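The values are calculated or read from the model by the stated rules, or taken from the named source; none is laboratory data. Note that this is a predicted model, so its numbers are computed, not measured. With ideal geometry, Cβ positions are generated from the backbone for all residues, glycine too; neighbour counts draw on all protein chains shown. The accessibility values were calculated without ligands, DNA or RNA, using every heavy atom of the protein model including side chains. Shrake-Rupley method; radii C 1.70, N 1.55, O 1.52, S 1.80 Å.
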Amino acid sequence: MCGRLAGPGEREIIDAFDVRVVTTRITESWDVRPTQQVGIVVEDTAAAARESRDVTRELRAARWGLIPYWSKAFDKRLLLINARSETVLSKPSFRVAARQRRAIVPASGYYEWQTNPDRTKTPFFLHDPDAAVIGFAGLYEWWRVPDGTLLPGADDGWLCSTTIITKPALDCLGHIHDRMPVVIPAAMTDIWLDPQLTDTDEVDMLLHSVPDPVLVPTPRAPK
């Protein structure tokens, strides 16, 4: 899984993903946790329509922990922080977003804790030594906040939330954890974010054509 990450600064994200519009200011953090705000890069047709502007690549903040659009009420116990690549196009919580609302979740890396033989745990920071910013495959949703419900990050009655897609870990990382984020390489960013790509079979082919990343585990705890 991916349950803690390091979030890069706004300028690094803009440069790495050719962002044209910044809707929310993003600051660097070496310890981003579920339910907190994370930066996501999207090409959002719904937001563009609400804001009467053209669809363009934008950086906005989202709650880490996806809330399905059909949810009737907010349940803080529901932490959909990860979505499995194997089932993301079939599970009700994710399948519409996987076809229509894909995102990049920028990160400097992420953390996992390896369980040792004596049951203690060693934290590792997994990152790409050749890239200051990597892009996790993500999904996002807009959820209409019920009247009278106060949620951090809600804007004009709408809350944007996100999840990170994971897959089985590479052999070289599997001893730390059995899952890892899907990392979208720079050459595939445009097609991953393309809002015109909505066919289930084509999205599935795209997701399973993403190459394995080169990630290095370094013993390090969140700062």
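Some points to look at:
- Exposure ranking of HIS177, HIS208 by accessible area [1.4 Å probe, largest first]: HIS208, HIS177
- Our analysis of the range 1-40 gives Rg over Rh at 0.98, with the two radii drawn from alpha carbon positions and Rh computed by the Kirkwood formula.
- Taking label positions 7 Å along the Cα-Cβ direction at both ALA186 and ALA46, the computed distance is 3.2 nm, reported to one decimal.
- Its convex hull of Cα atoms gives the range 5-90 a direction-averaged projected area, equal to a quarter of the hull surface, of 7.0 nm².
- Under the Debye formula (equal points on every Cα, no solvent term), log10 I(q)/I(0) of the range 13-61 at q = 0.31 Å⁻¹: -1.19
- Once divided by 2.2 N^0.38 Å, the Cα radius of gyration of the range 116-165 becomes 1.87.
- For the range 87-223, the Kirkwood estimate of the hydrodynamic radius, built from every pair of different alpha carbons, is 16.7 Å.
- Net length gained if the chain between LEU79 and THR27 were fully extended (0.36 nm per residue, minus Cα distance): 16.4 nm
- Over the chain: helical MRE at 222 nm, DSSP H runs n ≥ 4 each giving -39500 (n - 2.57), nearest 500: -3500 deg cm²/dmol
- Overall shape: oblate for the range 1-152, with the ratio a/c of the largest to smallest alpha carbon gyration tensor axis at 1.5 or above and b/c at least equal to a/b.
- The Rg/Rh ratio for the range 176-223 is 1.09, where Rg is the radius of gyration of the alpha carbons and Rh is the Kirkwood radius.
- Mean separation of Cα pairs under 8 Å and 6 or more residues apart, divided by the residue count, gives the chain a relative contact order of 24 percent.
- Cut-off under 5 Å, modelled amide H: who pairs with ASP31 long-range: GLY7
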